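Student: There's a structure below that I have some questions on.
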Amino acid sequence: MADMRFIRHTGRKIIVTGHYGSGKTEFAVSLAMQYASLKEKIAVVDLDIINPYFRSRERREMFENSGVSVYGSTYDYEITAELPAIGAKLRAPLEDKDSRVIIDVGGNDAGAMVLNQYTKYFTDDDTTMLVVVNSNRPETATLSGALDHIKSIEDVTGLQIDAVVNNSHMLSETTAQTIINGYDLCLKICAETNKFFYCSCFPAGIVDPEQLTGLYGHLIPMGLHMRPAWLKS
């Protein structure tokens, strides 16, 4: 079992952003499920209206069965799921001081731009903004590429990213070394930007966390909640 005491050290509102293919939505879902297991009142706000493939609101039933509230599209029916409409009711969890909120934002700066209409909720000390980095994606495989990506998100939102999440993976071909290589890159990002390192993710059932002893204390297991069965092989 991974030691995840670090997940307590965030604000009530956690913004999750990252490049396409970083696994940011999978991370947001896994993080929400971890908080739910701790019996916290938890809500997920899905602001990803750019990428039509892996959106957290697609797992509404799984969330609700775990006691997680889901907010996002104005529409509740799958036939309308492609429409880029965000419900006004999502302000409710942002204003509920008893609820921890995870905000899943669209990839890249274009997806993060949707945050601008809710800026007033994210300027206090109770907000933590995370960027998910997958060092196996071409755009964030190098330090300069990752720094450019982070700067583009901060420039378009006017918000500062607080911490870096290492989600370096190759789906079912992920190895411990894959994660360690990504960890090394994330430490360089943190050193360059003065951000703090949040955690490394490992695919549960694929990589044994005991192989990541040097990273212990900041590990979170990732499920494959958002990926259809044909992508699990």
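Student: Grab the helices (runs of 4 or more DSSP H) fully contained in the range 37-127, keeping just those with 1 or more residues being within 16 Å of Phe27 (Cβ to Cβ) and either of a type in the set (Phe, Trp, Tyr) or at pLDDT below 65 (or both). Steps first, answer last, please.
Tutor: Numbers: elements: 60-65, 91-95, 108-112.
Filter on the range 37-127 gives 60-65.
Student: Looking at Ser144, is it part of a helix (DSSP H, G or I), open to solvent by 10 Å² or more (accessible area, probe 1.4 Å) and modelled with pLDDT of 95 or more? Spell out the reasoning first.
Tutor: Details: part of a helix (DSSP H, G or I): yes; open to solvent by 10 Å² or more (accessible area, probe 1.4 Å): yes; modelled with pLDDT of 95 or more: yes.
Judged against the criteria, Ser144 is a match.
Student: Further question on the same structure: (1) at pLDDT 95 or above; (2) outside any strand (DSSP E or B): which one isn't true of His225, the others all being true?
Tutor: (1)
Each row is one residue, and each column tells you yes or no for (1) within 15 Å of the chain's Cα centre (by Cα); (2) open to solvent by 70 Å² or more (accessible area, probe 1.4 Å).
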| site | (1), (2) |
| --- | --- |
| Asn116 | no, no |
| Phe122 | no, no |
| Thr127 | yes, no |
| Leu130 | yes, no |
| Asp155 | no, yes |
| Leu159 | no, no |
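Student: Mind checking which residues of the range 132-141 are surrounded by 15 or more Cβ atoms within 10 Å (Cβ to Cβ) and not hydrophobic (A, V, I, L, M, F, W, C)?
Tutor: Looking only at the range 132-141, we keep the residues that are surrounded by 15 or more Cβ atoms within 10 Å (Cβ to Cβ), and these are 132-137, 139-141.
Within the range 132-141, Asn134, Ser135, Asn136, Arg137, Glu139, Thr140 qualify.
Student: Just the residues that are under 15 Å from Arg137 (Cα atoms) and open to solvent by 40 Å² or more (accessible area, probe 1.4 Å), please, taken from the range 168-179. Even if it seems obvious, please write down each step before you answer.
Tutor: Looking only at the range 168-179, we keep the residues that are under 15 Å from Arg137 (Cα atoms), and these are 168-171, 173-174, 178-179.
Matches in the range 168-179: Met170, Leu171, Glu173.
The values are calculated or read from the model by the stated rules, or taken from the named source; none is laboratory data. Please read these numbers as outputs of a predicted model, since none were measured by experiment. Glycine gets a Cβ as well: all are built from the backbone with ideal geometry, and neighbour counts include every protein chain shown. Just the protein is used for accessible areas: all its heavy atoms, side chains included, with ligands, DNA and RNA removed. Shrake-Rupley method; radii C 1.70, N 1.55, O 1.52, S 1.80 Å.
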